[in-house]
Amino acid sequence: VAVRPTGDRRFRLLALTIALPLLAFSGFLAVTAIRTPTVSQPSAEEPPIDLRAALERAGIDVSRYARDGETLRVETTEEPESIAARLQQTLPSAQVTRDDRTIRVSRGGMSEVIVVSELPVVDSGAGLVSAGRAPAGKIAILLDDVGFQPGALSRAAAIHPAISFSVFPYAPGAARIAASLRGAGHDVLCHLPMEPTGYPAVDPGGEPILTHLEEEEIRARTLRNLDAVPGVIGVNNHMGSRATSNRRVMRAVVDALLEREGLFFVDSRTSSASLGHELALAAGLPSGARDVFLDDDRSVAAVRRQVRELAGIARKQGLAIGIGHLHASTLSVLEEEIPRLEGEGFTIVPISAAVRETAPAALLVRGVQSQPQKASPAATAR
Ligand SMILES: [Zn+2]
């Protein structure tokens, strides 16, 4: 790929600052788009594909890119399969096909090719430039407790391709639900039921991880829950305010998750004493942690406030993780606020991208800094 060199030293410094920590982490990819010659005249009704805009709408971070003539290179941490699926959802009238790391987007006689390749170990001042506006921050939204509200789920899945979902392993049809969400390009997690402080009056359902269980039984239950939702890429805890703050129990869960390749953990932080995120990282399991619960209070005004708080954290920290549910108010607010947030320069990213990005930084600060937690009114129900 030919790229224009830049003489901007400040940018090179910035690029190094950004690139070096990321290079320590595999999965940092470059996307190269090559506009192929028109094979036939584009039809009058179909405008040419603006691939960068489409990638952005699909929730792929395109804040750093290089253009040289007809070549567009965008740095991203996304996997080709996920990029292709989300592009297809974003461009329903186009045909998106993928062969390994090559994605072809065709519409109205125009064809664009994206080649997803690993970034060279040393970026030789390749001239990656910043997009017109400074990115405001990245926001990951994980909707969990999925499995019992098909209508609400379809509505939620249509809001944005980068919204991620966590499915109850004990929901009837959990496997089918997960496959359908994955097919539409969404990240899908297993929503692992774990013991809350209010147990047994408060029941997490299914085959939960309970604090009186032996390690071997915790392992077996964790793996059975995972198997009930095939193809998941990660796990977050359902309830678990007691189980996640128990070191022995949480370590047994993490050990079981490590047996399955490529999984990550998201600590729902249903308790400020949760050890989930910390123990996962200590064991080498990529992990992220919830910053904001979106809908403890289901009123539209309250959910909107929480979404704004999430955006504030993303602006300050560069990235924020919000967890919500399939409540009508939550979906209404997301339908309104997500386009608004994108207009303000925020990027909605899948939870996997958020975890990939936060895990190395979190490893560095582990043990040094503990995040202050707000007391939650519904703590015992978690
Ligand atoms: Zn839950």
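Every number in this text was worked out from the coordinates using simple rules, so none of it is lab data. Since we're looking at a predicted model, the values are computed, not measured. Here the Cβ positions follow ideal geometry from the backbone for every residue, glycine too, while neighbour counts run over all protein chains shown.
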Rg to Rh for the range 193-261: what is it, with Cα atoms only and Rh by Kirkwood? 0.94
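Treat the count of other C-beta atoms within 10 Å as a stand-in for reagent exposure and order Leu223, Leu181 from fewest to most.
On the way: Leu223 14, Leu181 21.
Placing the least packed residue first, the sequence is Leu223, Leu181.
On average over all directions, what projected area in square nanometres does the range 168-283 have, based on the convex hull of its Cα atoms? It would help to have the intermediate numbers written out before the result.
On the way: hull surface 26.7 nm².
Mean shadow area of the hull around the Cα atoms is 6.7 nm².
Roughly what percent of Cα-Cα pairs across the range 152-204 reach past 12 Å? Before the final figure, lay out each step's value.
Numbers: 919 of 1378 pairs.
In whole percent, the long-distance tail amounts to 67.
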What net charge is computed for the residues neighbouring Glu207, neighbours being all others with C-beta under 9 Å from the C-beta of Glu207, Lys and Arg scored +1, Asp and Glu -1? +2
Taking other Cβ within 10 Å of each residue's Cβ, how do Ser245, Ser274 sort, fewest first? Ser245, Ser274
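Assuming R0 = 51 Å, can you tell me the calculated FRET efficiency for the pair Glu214 and Gln149, based on Cβ-Cβ distance, to the nearest 0.05? Mind dumping the intermediate values first?
Values: r = 35 Å, r/R0 = 0.68.
Once the sixth-power term is evaluated, E becomes 0.90.
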Residue span Asp227 to Ser180: 0.36 nm per residue of separation minus Cα-Cα distance leaves a gain in nm of 15.3 nm
